[in-house]
């Protein structure tokens, strides 16, 4: 179900279920989300006054929308499986860590390890992301409107990282099969990460990612693609200097 | 007849012994460090250096086959709504699907379940074989997060955050290309046939303050139901235990350097970390200093072989032990029946440790479909259960002889040491003396 239709249904047919973390505890919020069953009518949730709380809306496994009104601490949306979480603020370390599916949108900036080890779904950061964005990613798609910090996509295994701004040092160090698309400059590439040809299939893939992330006015042709040179996939003593 | 001066007997160097010379030649020829499985093989102060005193005039024993000697243990009672209740204080350590075959993982689950204890996943995710056949399954949360997913996290009975392991404190996992079958590759989201060097640090936390937040997240995801273990290699057992407790662990697992690995550098196994015996008292001391002994449970692993080792570990203050290498031997690892095939691999039964090559004649540390058929999960599981029961009976025999109606009532006072080293490490007197090295200033 498209997000627009969902929010309309929520506003007309039923009120959002509101959780004010000034009144209710984090435990009550997460337990209520985990108690959801398939087909539940409680499809729209709103979290007020998160005030940097850790582990907001972690382990949600139903396709609900959760609007978090403010900034969150560590691991917001951790292991998300199918829900759509929007953080109307900034996110602390590990937002969307190990996400399985669904989507997380951060309206502000994100701290370290955004989308770490994510297996699937879409993480959109409308501001900047700090270091190690997409570390060890395993299938997640990450779109950052701003810049990303150093050591991003370290040991990235699978999935796509799209950066509209610049990337810090050692991008894609020890990368496996993940694809990196950067529109701005890259301070340096990590071990075994190289610039690669942008073929038609990649332009198409990138356009799809930009569309899903709600990015307009930016063309796929403005990006460069980076990925693995695959020279470190099997150990060879003559490559030892690369580490 | 010519006179010949008497020759000297050829003398080999103690420093440059045959093994050392062979290793220099091997390194020069291949240009790669030696990689192998298992734990430290060098001689180390160990449980063999401790003895129980038994009953005497001042202590009376319990009847061997009549009076009850409790072996049960509850793990994770500090915070978890559903702690793990085990019939015996011997658990099966984490070993990955990938390093072990599917049938071997199934056999571990079957054996542990028959004996009333838990088994543990490894650096490769949870398989149906082990979930289906393990009544109580501990799900490891590792730096690589291979195969980590919400469904498996929720169907685990406990979660073990792995910071390190005794064979290689500070090192990550290693699974070389020859063992990366289609199934292993898919579970780990990596291409088939490439070397996998797992990360040594967690991707989304560093240090004890982050760990506390990570544990909170895992509890929130699993609704505070499951015990959270923290496993560390035997590096700094006092501080690691204290910091794990501070971070909120329900159970601390300390793995000494005899603890095995699927594969890492020989130089790492033999030169990094501390012997299991040296790790126990500092870990127990940390719990006692925090007032958390017996509230946060301590599991120790690395070189546990028999009921005497179990009893000695428990007497030093441990709540449960964990076995890996010994469990594999019970399944059939290094069995002399495969001697001809071990010889073809340039080794002999009892010394085979090239587990990373995936050619295990016993069919345990392999992904080869033909070799893995050699493990019958039902029969191998039965052997493991038998072995666990024997270890338990042995520990009970010793405990009753010391007058204890529970294995957990064994205490340091029941022990003496045969060597000064063991006396110092275990904090018990040297046999025949009242001297505990390091105590009272000398």
Does residue A:184 satisfy the condition of being part of a strand (DSSP E or B), surrounded by fewer than 24 Cβ atoms within 10 Å (Cβ to Cβ), out of contact with any helix residue (DSSP H, G or I) (no Cβ under 7 Å at 6 or more places or on another chain) and not assigned by TED's automatic domain parsing to the domain that holds residue A:71? no
Qualifying residues in the range B:145-156 (those that are farther than 26 Å from residue B:39 by Cβ and more than 9 Å from every other protein chain (Cβ to nearest Cβ)) - the one surrounded by the most Cβ atoms within 10 Å (Cβ to Cβ): B:152
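For residues that are under 30 Å from residue B:235 (Cα atoms) and more than 11 Å from chain A (Cβ to nearest Cβ), scanning just the range B:174-190, find the one that is surrounded by the most Cβ atoms within 10 Å (Cβ to Cβ).
B:175
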Expected output for the range A:68-87 (first residue more than 7 Å from chain B (Cβ to nearest Cβ), partner at pLDDT below 95, Cβ below 8 Å, 6+ apart or cross-chain) is A:84/A:3; A:84/A:6
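Go through B:329, B:318 for me and flag whichever is closer than 19 Å to residue B:232 by Cβ and either under 16 Å from the mean Cα position of the chain (by Cα) or outside any helix (DSSP H, G or I) (or both).
Working: B:329 fails: closer than 19 Å to residue B:232 by Cβ.
Among B:329, B:318, only B:318 is closer than 19 Å to residue B:232 by Cβ and either under 16 Å from the mean Cα position of the chain (by Cα) or outside any helix (DSSP H, G or I) (or both).
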Out of the residues in the range A:144-158 meeting the condition of being in a strand (DSSP E or B) and crowded, with 24+ Cβ neighbours inside 10 Å, tell me which one is farthest from the other protein chains (Cβ to nearest Cβ). A:144
How do the pairs read when you match residues in the range B:57-71 that are farther than 13 Å from residue B:407 by Cβ with residues anywhere that are not in a loop (DSSP other than H, G, I, E, B), using Cβ under 7 Å and keeping only pairs 6 or more apart or on different chains? B:61/B:400; B:61/B:401; B:64/B:397; B:64/B:400; B:67/B:400
Given (1) surrounded by fewer than 19 Cβ atoms within 10 Å (Cβ to Cβ); (2) modelled with pLDDT under 95, index of the condition residue A:10 fails: (1)
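Could we say that residue B:106 is touching a helix residue (DSSP H, G or I) at 6+ places or on another chain (Cβ under 7 Å), farther than 30 Å from residue B:409 by Cα, surrounded by 24 or more Cβ atoms within 10 Å (Cβ to Cβ) and without any contact (Cβ under 8 Å) to a residue 60 or more places away in the chain here?
Details: touching a helix residue (DSSP H, G or I) at 6+ places or on another chain (Cβ under 7 Å): yes; farther than 30 Å from residue B:409 by Cα: yes; surrounded by 24 or more Cβ atoms within 10 Å (Cβ to Cβ): yes; without any contact (Cβ under 8 Å) to a residue 60 or more places away in the chain: no.
Judged against the criteria, residue B:106 is not a match.
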Being buried (at least 19 other Cβ atoms within 10 Å of the Cβ), more than 28 Å from residue A:70 (Cα to Cα), out of contact with any helix residue (DSSP H, G or I) (no Cβ under 6 Å at 6 or more places or on another chain) and touching a residue at least 12 places away in the same chain (Cβ under 8 Å) narrows A:189, A:164 down to just A:189
Report every pair of residues separated by at least 6 positions or lying on different chains whose Cβ atoms are under 7 Å apart, first residue within the range A:24-41 and more than 11 Å from chain B (Cβ to nearest Cβ), second surrounded by fewer than 19 Cβ atoms within 10 Å (Cβ to Cβ) and assigned to a loop (DSSP other than H, G, I, E, B). A:36/A:42; A:36/A:62; A:38/A:62; A:40/A:62; A:41/A:14
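Looking at B:166, B:171, B:125, B:193 in this structure, which one is on the phi > 0 side of the Ramachandran plot, crowded, with 20+ Cβ neighbours inside 10 Å and in contact with a helix residue (DSSP H, G or I) (Cβ under 8 Å, 6 or more places away or on another chain)? Give the derivation first.
Numbers: B:166 fails: on the phi > 0 side of the Ramachandran plot; B:171 fails: on the phi > 0 side of the Ramachandran plot; B:193 fails: crowded, with 20+ Cβ neighbours inside 10 Å.
Testing whether each residue is on the phi > 0 side of the Ramachandran plot, crowded, with 20+ Cβ neighbours inside 10 Å and in contact with a helix residue (DSSP H, G or I) (Cβ under 8 Å, 6 or more places away or on another chain) leaves just B:125.
Considering only residues that are over 19 Å from residue A:96 (Cβ atoms) and crowded, with 17+ Cβ neighbours inside 10 Å, look in the range A:192-214 and name the one that is nearest to the other protein chains (Cβ to nearest Cβ).
A:192
Hey, can you tell me all the residues within the range B:127-141 that are part of a loop (DSSP other than H, G, I, E, B) and modelled with pLDDT of 95 or more?
Initially, the range B:127-141 is screened for residues part of a loop (DSSP other than H, G, I, E, B), giving B:127, B:134-136.
B:134, B:135, B:136, listed by residue number.
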If I filter the range A:100-130 down to residues being away from chain B (no Cβ under 11 Å) and in a loop (DSSP other than H, G, I, E, B), which single residue comes out as nearest to residue A:64 (Cα to Cα)? A:121
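Any residue at all in the range A:205-215 that is under 27 Å from residue A:233 (Cα atoms), at pLDDT 95 or above and outside any helix (DSSP H, G or I)? Even if it seems obvious, please write down each step before you answer.
Keep residues of the range A:205-215 that are under 27 Å from residue A:233 (Cα atoms), which gives A:205-206.
Filter again for at pLDDT 95 or above, leaving A:205-206.
Narrowing further to those that are outside any helix (DSSP H, G or I): none.
The answer is no, given that none of the residues of the range A:205-215 is under 27 Å from residue A:233 (Cα atoms), at pLDDT 95 or above and outside any helix (DSSP H, G or I).
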Lone unmet requirement of (1) within 14 Å of another protein chain (Cβ to nearest Cβ); (2) assigned to a loop (DSSP other than H, G, I, E, B) for residue A:240: (2)
Can you run down the residue pairs with Cβ atoms below 8 Å, 6 or more apart or on separate chains, where the first is in the range B:248-270 and modelled with pLDDT under 95 and the partner is surrounded by fewer than 19 Cβ atoms within 10 Å (Cβ to Cβ) and in a helix (DSSP H, G or I)? B:266/B:23
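Part of a loop (DSSP other than H, G, I, E, B), within 21 Å of residue B:394 (Cβ to Cβ), modelled with pLDDT of 95 or more and within 18 Å of the chain's Cα centre (by Cα): does that describe residue B:91?
Values: part of a loop (DSSP other than H, G, I, E, B): no; within 21 Å of residue B:394 (Cβ to Cβ): yes; modelled with pLDDT of 95 or more: yes; within 18 Å of the chain's Cα centre (by Cα): yes.
So residue B:91 does not fit the description; no.
Is one or more of the residues making up the range B:295-302 more than 18 Å from residue B:276 (Cβ to Cβ) and either out of contact with any helix residue (DSSP H, G or I) (no Cβ under 7 Å at 6 or more places or on another chain) or surrounded by fewer than 24 Cβ atoms within 10 Å (Cβ to Cβ) (or both)?
Of the residues in the range B:295-302, the ones more than 18 Å from residue B:276 (Cβ to Cβ) are B:295-296.
Add one more test, that the residue is either out of contact with any helix residue (DSSP H, G or I) (no Cβ under 7 Å at 6 or more places or on another chain) or surrounded by fewer than 24 Cβ atoms within 10 Å (Cβ to Cβ) (or both), and what stays is B:295.
Yes, the range B:295-302 has at least one match.
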All positions within the range A:147-175 that are more than 16 Å from residue A:131 (Cβ to Cβ) and in contact with a strand residue (DSSP E or B) (Cβ under 6 Å, 6 or more places away or on another chain): A:157, A:158, A:159, A:160, A:162
Which residue is surrounded by the most Cβ atoms within 10 Å (Cβ to Cβ), if the candidates are limited to the range B:31-50 and must be touching a helix residue (DSSP H, G or I) at 6+ places or on another chain (Cβ under 8 Å) and in a helix (DSSP H, G or I)? B:47
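The values are calculated or read from the model by the stated rules, or taken from the named source; none is laboratory data. Because the structure is a prediction, the values reported are computed rather than measured. Because the Cβ atoms are built from the backbone with ideal geometry, glycine has one as well, and the counts that use them run over all protein chains shown.
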